[in-house]
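Okay, so here's the structure we're looking at.
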Amino acid sequence: MTIHTPFAHLRPWLAALCLTASTLPAAWADSGPMLPRQTPSAYLQECGSCHVAYPPGMLPARSWQRLMTGLDRHYGSDASLDPATVQQLAGWLQQHAGTYKRVAEEPPQDRLTRSVWFQRKHREIDPAVWRLASVKSAANCAACHGGAEQGRFDDDELRFPAGLAPQHRRAFLDD
C-alpha cells in the first residue's frame with residue numbers, strides 16, 4: 001500500500017533549499033555589512049578620524065593585536081589613546097577579527113591594502129588611480145566604495161573617484 005502525501009514530490013526541492021539556505025551566511029560575508037552592529041563609538045571616532053574605521057573582519061586577530069600595541073607609531077603617525085580606550089578597542093577588535101580563509105594570512109606590515117585578498121580584488125586598478133587627489137592612497141576606501149563608512153564594499157556601490165581618467169574606468173566596470 002502506498003501512502004500519498006500532498007507535496008511529496010517537493011521533498012527533493014525542499015532538501016536542496018534547506019542545504020542552500022544553510023550556506024548563505026558564508027556567501028554573504030563578502031558582500032554584506034562587515035561592521036558589527038555594536039561598534040564602539042570610540043572606534044568610529046578615533047580610528048575613523050583619519051581613515052575609514054575598517055571592519056575588524058578585514059584583518060586577523062594577530063594583526064589587530066600588533067596595531068593596537070603600536071599606536072604610538074601607527075604608520076608614521078602617533079595615534080596613541082588612553083589605556084582604557086586601548087583595552088576596550090583591542091578586546092572588541094580581537095572578538096570581531098577575521099577568522100575566515102580570506103584573512104587567515106597576516107598581511108605584510110599588517111596593512112590590509114597589502115593583503116592577498118585586497119591585491120586580488122584591486123589588481124585591475126592602475127597605480128595612477130591611487131595617486132589621484134580624490135583618492136590619495138589605496139587605504140582610502142571611501143573614495144570608490146560608497147558604503148565604506150558603513151562597512152559595505154560591494155561592487156554594486158562602486159563610484160568613480162573625482163578626476164578618474166576614462167581609460168581607468170574599465171577596472172571599475174569589470175566584475
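Every read-out reported here was derived from the displayed coordinates using simple, explicitly stated rules and does not represent laboratory data. On a predicted model such as this, the values are computed, not experimentally measured, just so you know. Every residue, glycine as well, gets a Cβ built from its backbone with ideal geometry; the counts of neighbours run over all protein chains shown.
In table form, for the structure just shown:
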item: Pairwise label distance in nanometres, T69 with K136, each label 7 Å out on the Cα-Cβ vector; result: 2.9 nm
item: Least to most buried among F160, F153 (fewest other Cβ within 10 Å first); result: F160, F153
item: Per-residue Cβ neighbour rank within 10 angstrom, fewest leading, R120, R66, R152, R37; result: R37, R120, R66, R152
item: Cα gyration tensor category, rounded, prolate or oblate, for the range 122-175 with a/c compared to 1.5; result: oblate
